[in-house]
Amino acid sequence: MSISDDMLMAYADGEFDKPEFASERDEVEMAIASDSDLARRVERFRSLRGDLGSLYAEVVEEPVPERLLHAARVQPREAATVTNLEQARSTKKTSGAATSVAQTMAAAGKLRPWFAIAASLIVGVLVGHYALVSLGAGPIAVNGTRLVARFSLRQALSDQLTADQSHASAVQIGLSFRSKSGQYCRTFTLEQREPVSGLACLQGADWRIDTVALAETAGNAGTGYRPAGSALPAAVRAAVEDQMSGEPLDAQGEAQAKRAGWK
Amino acid sequence: MSHSLSQVQDQLVALLPRLRRFARSLTRHPADADDLVQTALERALMRLEQWQAGSRLDSWMFGIIHNAWIDEVRARRRRDRVMTAQEAGEHVADAASEAPIQRLSLQAAFEQLDEEQREAVLLVLVEGLSYKEAAGVLKVPIGTISSRIARGRESLEALLGGREGGLR
């Protein structure tokens, strides 16, 4: 009786090492003892497995980035507040009133007012426009009580200069400036079916989302494309005015700030 | 929970190199991989009570990374609906640009596999999980794992065709 490749492969992968698979193991071992072709196939499976051990060796060996070490050490106090946010979301889903979220969250007493405001904006966005921002995934993620930029958004905030950004980029950066507390902040627009604009400021290793709102699309409805420089939503404009110290960076200032890691 | 929070966090820190490798195998992009690990760490710490002390922390984390990646891919698909064809083209070029045309390194060959095969191959052949453990992480039947590994191996051997080391 011939032995299937699946059997040989499972044997090579150690699947038959446990006592309950003794009969399968015996079957394969008897077969390969009398058939050098089968033995070579097993050898081939094992050799590929051995080679794969070195896959991404450089990733395993290089130092782990600080932000990940930090993320692994976050205290659960912050995690506990998120439960409130999730409760708020489910309340929201059933009640259908945007203000209730801010109220629920303010009632929880653990969130700073600006966050309650930002979150009510976000949840409003979430509920009114199902595909915009999914909490905990996508470009805007929840970290403890804060919203942070991830993936394409984090990368654009860190790397993209307005001087050379493509109109086709999924993230468009607008203004960059120093805040009154000395951090760099940048406005952004996520180009998607229903665009979202916001203000993010670098705190430690994370771009924290200060404010986010539906982008104003008046005047180009149906084109699915917002011309660069179109107005920021009022909530984002207000946050910029509130936070900005001095003037926005020009192209040169932006490039310098990027080189310095926005520090 | 029989483990203190700081003990679990020590274990998480110790797992980071392997979590980063798994995330890299999924995203094929260094910065995306670390974002994925960060998202997974945050989710894990939020619902630490769901981890059964005594069960494998690594498998639990692999599962969270897997789910976070599914969410991210879905979110990207939604965003991509409005992206121009030009932008979509840039993304494709990104993924393929690392692949040499003639003779592929093992890593480049691996990155040509489809996502399901990469996950199964990484968990079983690189991380050393059993088929059953990998099935638990990915929430699929064991037979699905063994067929993904079989197809993954076949593709790798085909891509590495000219390589020395007893491949036919």
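The values are calculated or read from the model by the stated rules, or taken from the named source; none is laboratory data. Since the structure is predicted, the reported quantities are computational estimates derived from the model, not experimental observations. Backbone-built Cβ (ideal geometry, glycine too); neighbour counts: all protein chains shown. For accessibility, only protein heavy atoms count, side chains too; no ligands or nucleic acids. Shrake-Rupley method; radii C 1.70, N 1.55, O 1.52, S 1.80 Å.
Looking across segment A:1-12, the residues that are assigned to a helix (DSSP H, G or I), in contact (Cβ under 8 Å) with a residue 24 or more places away in the chain and crowded, with 18+ Cβ neighbours inside 10 Å come down to A:Leu8, A:Met9, A:Tyr11, A:Ala12. Only residues that are among the charged types (D, E, K, R) and without any contact (Cβ under 8 Å) to a residue 40 or more places away in the chain were counted across segment A:232-262, and they come to 5.
Of the candidates B:Trp60, B:Trp69, the single residue that is out of contact with any Leu (no Cβ under 9 Å at 6 or more places or on another chain), open to solvent by less than 70 Å² (accessible area, probe 1.4 Å) and modelled with pLDDT of 90 or more is B:Trp60.
Please enumerate the residues belonging to segment A:17-47 that are of a type in the set (A, V, I, L, M) and in contact with a helix residue (DSSP H, G or I) (Cβ under 6 Å, 6 or more places away or on another chain).
Of everything in segment A:17-47, those that are of a type in the set (A, V, I, L, M) and in contact with a helix residue (DSSP H, G or I) (Cβ under 6 Å, 6 or more places away or on another chain) turn out to be A:Val28, A:Ala31, A:Ile32, A:Leu38, A:Ala39, A:Val42.
Scanning segment A:30-39 for any residue that is more than 8 Å from chain B (Cβ to nearest Cβ) and outside any helix (DSSP H, G or I) turns up at least one such residue. If you go through segment B:28-47 and keep only what is farther than 21 Å from B:Arg118 by Cβ, aliphatic (A, V, I, L, M) and either more than 7 Å from chain A (Cβ to nearest Cβ) or in contact with a Cys (Cβ under 8 Å, 6 or more places away or on another chain) (or both), you end up with just B:Ala44. Selection of first residues in segment A:13-29 that are within 17 Å of A:Arg40 (Cα to Cα) and of second residues that are among the β-branched types (Val, Ile, Thr), restricted to Cβ pairs under 9 Å at least 6 apart or on distinct chains, gives the following pairs, ordered by first then second residue: A:Asp13/B:Val124; A:Asp13/B:Ile149; A:Glu27/A:Ile3; A:Val28/A:Ile3; A:Val28/A:Val42.
Across segment A:70-89, which residue is nearest to the other protein chains (Cβ to nearest Cβ) among those that are assigned to a helix (DSSP H, G or I), surrounded by fewer than 16 Cβ atoms within 10 Å (Cβ to Cβ) and modelled with pLDDT of 50 or more? Reasoning before the result, please.
The first filter runs over segment A:70-89 and keeps only residues assigned to a helix (DSSP H, G or I), leaving A:70-72, A:76-89.
If we keep only those that are surrounded by fewer than 16 Cβ atoms within 10 Å (Cβ to Cβ) as well, we get A:70, A:76-77, A:80, A:83, A:86-87.
Now narrow it down to the ones that are modelled with pLDDT of 50 or more: A:70, A:76-77.
Numbers: A:His70: 9, A:Pro76: 6, A:Arg77: 11 Å.
Step by step, filter segment A:70-89, then rank; the result is A:Pro76.
A search for C-beta distances below 6 Å between a residue of segment B:46-62 that is outside any strand (DSSP E or B) and any residue that is among the small types (Gly, Ala, Ser), counting only pairs 6+ apart in sequence or on different chains, returns B:Met46/A:Ala79. In segment B:107-148, of all residues being aliphatic (A, V, I, L, M) and open to solvent by 30 Å² or more (accessible area, probe 1.4 Å), the one that is farthest from the other protein chains (Cβ to nearest Cβ) corresponds to B:Val140. The number of residues in segment B:1-27 that are more than 10 Å from chain A (Cβ to nearest Cβ) and open to solvent by 60 Å² or more (accessible area, probe 1.4 Å) comes to 3.
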